[in-house]
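Engineer: Take this structure, written in structure tokens, and hold onto it; I'll ask about it next.
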Amino acid sequence: MKIIEALKKTKDLARKTDDLKKLVKDHCAISTLESEKYPNQTTKVSEWVQAYGDILKEILRLRVAIQKTNLETKVVIELNGKQVEKSIAEWIHRRRDLATMERGIWDVQTDRGINEGMVKGPTGDLIDMKIKRFYDPGKSDVMKDVLSSEPSIIDSRLEVVNAVTDLIE
């Protein structure tokens, strides 16, 4: 089974648990004025509860297999002209929030609204004010661009990886 198949199967199984829960809720008790909708309704409700538990076990098995696969499968993605290798799990975390967080540190490296030019100094004399930067604006621009595009690059690569990688059980 491929990763994508396992992901879709867990989603389908979760939908089935919703259906079973509704059946149990709707048929677990009746008033004395109603009649049973199923022959031996007690057994039927018990079977639904058992099926629900069995589905949860299968979802757990698939989720753990997906996690194991994500941790053990290495994927190479080209970023900024470099081949970077990480596990699927690491790429997922980069995609989820870490690339955006990293971009944030580059976003705050600015001139802070300081304008260069002639200004009055403390004694009233005109002074040519310059900006003294403690960062490289060129590198900052490159990193912002690279980190902005990283999530979509990861998405594209992982779509293919999820479709072709066998689940490790």
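The values are calculated or read from the model by the stated rules, or taken from the named source; none is laboratory data. The structure presented is a predicted model; accordingly, all values stated were derived computationally and were not measured. Backbone-built Cβ (ideal geometry, glycine too); neighbour counts: all protein chains shown.
Engineer: Could you pull out the residue among Thr69, Thr42 that is surrounded by 13 or more Cβ atoms within 10 Å (Cβ to Cβ), among the polar types (S, T, N, Q), in a helix (DSSP H, G or I) and at pLDDT 95 or above?
Structural biologist: Answer to the check: Thr69.
Engineer: Find the residue count for region 135-155, including only residues that are within 13 Å of Lys82 (Cβ to Cβ) and loosely packed, with under 14 Cβ neighbours inside 10 Å.
Structural biologist: 1
Engineer: Right, next: Given the structure, is Ile88 within 36 Å of the chain's Cα centre (by Cα) and β-branched (Val, Ile, Thr)?
Structural biologist: The answer is yes for Ile88.
Engineer: Residues of region 27-64 being within 20 Å of Lys16 (Cα to Cα) and of a type in the set (Gly, Ala, Ser), which ones?
Structural biologist: Those that are within 20 Å of Lys16 (Cα to Cα) and of a type in the set (Gly, Ala, Ser): Ser46, Ala51, Gly53.
Engineer: Here's a follow-up. Could you please tell me which pairs satisfy a Cβ distance under 6 Å, a separation of 6+ or placement on different chains, a first residue in region 65-85 that is more than 18 Å from Val142 (Cβ to Cβ), and a second residue that is of a type in the set (Asp, Glu)?
Structural biologist: Ala65/Glu169; Lys74/Glu85; Val76/Glu85
Engineer: Hey, among Ala51, Ala29, which residue is surrounded by 14 or more Cβ atoms within 10 Å (Cβ to Cβ) and free of Cβ contacts under 8 Å to residues at least 60 places away in the same chain?
Structural biologist: Ala51
Engineer: Within region 73-81, is even one residue in a loop (DSSP other than H, G, I, E, B) and not small (Gly, Ala, Ser)?
Structural biologist: Yes: one or more hits.
Engineer: Is it fair to say Leu98 is touching a residue at least 12 places away in the same chain (Cβ under 8 Å) and closer than 18 Å to Leu158 by Cα?
Structural biologist: Considered against the rule, which asks whether it is touching a residue at least 12 places away in the same chain (Cβ under 8 Å) and closer than 18 Å to Leu158 by Cα, Leu98 comes out as no.
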